[in-house]
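Asker: Next up is a structure, given as structure tokens.
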Amino acid sequence: MKYSKATNYALHTMVYLTLTPKGRSVGVEQLAKIQNLSPTYLSKILTKLVKAGLIESTPGVKGGYSIVSHSRKTSFLDVIHAIEGHTTLFNCSLEHKVFSNEDCLIEKVMIEAEKKMKEELNNKYIADIAKEIKFTKNHNMNFKQP
């Protein structure tokens, strides 16, 4: 099971923006440079995060992206849903009624596993990861000065 690279970049962007001092925004160029991405590609990811209400965009020369005030409780699952959507990871490809009257037992196992994974991801918050980076790694970040 694998999430897209866009989800990887979105999660890292969310942590970075969470560590950004309140009242400051970060430009797409700076966010792209940190992750060694093209600003155009990252802009598409940022647009999805804005549409999901996880970050906000401030237009203009001194504009950029910042965490919305209620985002301190943004879970990993919130970010994943913003990028990947709400589709299931497994869909049975066989018609089981041909074999028996049962639904696909494999699909039942996979759905249960996915449910547990989603519960775990829903209980892991971006802000908690940011705190670990900030306090245990003594992370030194270069923020754009206003």
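Asker: Does HIS81 satisfy the condition of being of a type outside the set (Gly, Ala, Ser), out of contact with any helix residue (DSSP H, G or I) (no Cβ under 8 Å at 6 or more places or on another chain) and modelled with pLDDT of 95 or more?
Answerer: yes
Asker: Looking for something part of a loop (DSSP other than H, G, I, E, B), open to solvent by less than 60 Å² (accessible area, probe 1.4 Å) and either free of Cβ contacts under 8 Å to residues at least 40 places away in the same chain or farther than 18 Å from ASP128 by Cβ (or both) - is there at least one such residue anywhere in the stretch 7-20?
Answerer: no
Asker: Let me ask something else about it. Out of the residues in the stretch 92-146 meeting the condition of being out of contact with any Cys (no Cβ under 9 Å at 6 or more places or on another chain), open to solvent by 100 Å² or more (accessible area, probe 1.4 Å) and of a type in the set (A, V, I, L, M, F, W, C), tell me which one is modelled with the highest pLDDT.
Answerer: LEU105
Asker: Does GLY27 count as touching a strand residue (DSSP E or B) at 6+ places or on another chain (Cβ under 9 Å) and open to solvent by 80 Å² or more (accessible area, probe 1.4 Å)?
Answerer: Considered against the rule, which asks whether it is touching a strand residue (DSSP E or B) at 6+ places or on another chain (Cβ under 9 Å) and open to solvent by 80 Å² or more (accessible area, probe 1.4 Å), GLY27 comes out as no.
Asker: If you don't mind, another one. Taking only the stretch 31-52 into account, find how many residues are among the polar types (S, T, N, Q) and in contact with a helix residue (DSSP H, G or I) (Cβ under 9 Å, 6 or more places away or on another chain).
Answerer: 4
Asker: While we're here: Working only within the stretch 41-85, note down all residues that are farther than 20 Å from ALA130 by Cα, of a type in the set (Val, Ile, Thr) and in contact with a strand residue (DSSP E or B) (Cβ under 7 Å, 6 or more places away or on another chain).
Answerer: THR58
The values are calculated or read from the model by the stated rules, or taken from the named source; none is laboratory data. Please read all numbers here as calculations on a predicted model, not as lab measurements. Every residue, glycine among them, receives a Cβ derived from its backbone with ideal geometry; neighbour counts consider all protein chains shown. These area figures cover heavy atoms from the full protein model, side chains too; ligands, DNA and RNA do not enter into them. Shrake-Rupley method; radii C 1.70, N 1.55, O 1.52, S 1.80 Å.
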